[in-house]
Amino acid sequence: MEISPIRFPFSRFAAILRPSLGRVDDGANSVMECDMQTTYTTTDIPSHHRRQFWQEIVSDTYYALDLRFLGGHDFQGKLSAWSLGPLSVSRNISDGLLYKRHERHLVNEREECFLITVPELAEIRFEQDGKDVRCRPGGFVIERSHLPYEFSHREPAALWVLKIPSAVLRARISRPERLATLQFDASRSVGGLFVDTVRLAGERIGEMDESARAIMGKHLIDLLAMAVESDERVLTGHSSSIRNAHLHRCEHFIRTRLDNMRLTPQMVADACGISLRYLHQIFEREGITVCAYIRNERLSMCDAMLRDPNCRKSISEIAYQWGFGDQAQFSRNYRGRFGCTPSEARAGARTCNP
């Protein structure tokens, strides 16, 4: 059954729709570009072309998705996107929509990423991995690209969306896949500061050079990690709260000492006040050994630096910085985890960010 069109309330959005910095008319598309921002708008698109136009720009900005428009052909929307070093930020304002990520969308995609979505003006609904969450303004949710999902809002909505490569997020947050479908508080404390900073970054992006934007991107990831890690549900997970508290403390100790080549399980156990046997047990219940966790965290930090276009350190310097004393061993471990050599990863990142 066709749902009646939802009219775009321009009076409500007047304060958040920003003027463009330049226009490029690409056939039927209406695109506004500058050195650091691309903005798409349906304003000049004939109504019968708007659905296809929006389908294409959403898939280009995030990843392949199917869209169902909860209204008639008179759809209206605006999407602005910025690059902030290792991540991208977008401002998505549109009429009601249902976004679907199917199994077939995942077949040819190698790199996993996460979307952090901050709703304004309307409630959103997100369903993934058998879990259903509704998030009102004042919160944010995390979505995984490598699992099917549904995301929707029936009313016109304004969304801030951060797209973060999995390797970059894993370098700062341990096992971020456990965060999908959790709703986090963005109305106070660190969560509020995170969202406030996202908004401010969007307003000031035009005043930043490439280096400043990269620093801002890393700052946003740090704030996101702080907001997530302060949530009691992340600390306790689905198992014993005491065991997970120990696990959280051990993970934090490891991540802050990855540059120490002499870091050992015994050192971790002693620092966290638990026995070596218990340390191995709590990690084994997560499906990983302590040594493998340390190695993977080091590799994730190396990967983030290799893919950072502003990083000028050599591959051997990066490896040494994160606790790898043997260059050949580092290269073998890196290829085993990421499916390419460190030099291939760096070359690929520079191709994408000339």
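The values are calculated or read from the model by the stated rules, or taken from the named source; none is laboratory data. Since this is a predicted model, take the numbers as computed values, not measurements. Methodologically, a virtual Cβ is constructed for each residue, glycine included, from the backbone with ideal geometry; neighbour enumeration extends over all protein chains shown. Heads up: the accessible areas ignore ligands, DNA and RNA and are worked out on the full protein's heavy atoms, side chains in. Shrake-Rupley method; radii C 1.70, N 1.55, O 1.52, S 1.80 Å.
Here the stretch 234-263 is the region considered, the condition is being loosely packed, with under 14 Cβ neighbours inside 10 Å and at pLDDT 90 or above, and the residue that is farthest from the chain's Cα centre (by Cα) is Arg262.
Which is within 18 Å of Arg172 (Cα to Cα) and among the aliphatic types (A, V, I, L, M), of Ile205, Ile221?
The unique qualifying residue is Ile221.
Out of the residues in the stretch 177-207 that are in a loop (DSSP other than H, G, I, E, B) and either modelled with pLDDT of 90 or more or hydroxyl-bearing (Ser, Thr, Tyr) (or both), state the one that is nearest to Leu115 (Cα to Cα). Per the criteria, the residue is Thr181. If you check Glu123, Glu56, Glu109, Glu103 for being open to solvent by 50 Å² or more (accessible area, probe 1.4 Å), without any contact (Cβ under 8 Å) to a residue 60 or more places away in the chain, within 16 Å of Trp160 (Cα to Cα) and of a type in the set (D, E, K, R), only one passes: Glu123. Of all residue pairs spaced 6 or more apart or on separate chains, those with beta-carbon atoms under 8 Å, a first member in the stretch 276-289 that is free of Cβ contacts under 8 Å to residues at least 24 places away in the same chain and a second member that is in a helix (DSSP H, G or I) and not charged (D, E, K, R) are Leu276/Pro265; Leu276/Gln266; Leu276/Ala269; His280/Pro265; His280/Val290; Ile288/Asn296; Thr289/His280; Thr289/Phe283.
Filter the stretch 264-309 for residues that are open to solvent by less than 70 Å² (accessible area, probe 1.4 Å) and among the acidic types (Asp, Glu) and give the result. Residues satisfying the conditions are Glu286, Glu297, Asp303, Asp308. Residues in the stretch 80-139 that are assigned to a loop (DSSP other than H, G, I, E, B) and either modelled with pLDDT of 95 or more or not polar (S, T, N, Q) (or both): 19 in all.
Determine whether the stretch 276-296 contains at least one residue that is closer than 17 Å to Thr341 by Cα and charged (D, E, K, R). Yes: the stretch 276-296 contains one or more residues that are closer than 17 Å to Thr341 by Cα and charged (D, E, K, R).
For the stretch 96-114, the condition holds for no residue, the condition being that it is under 16 Å from the mean Cα position of the chain (by Cα) and under 20 Å from Asp44 (Cβ atoms).
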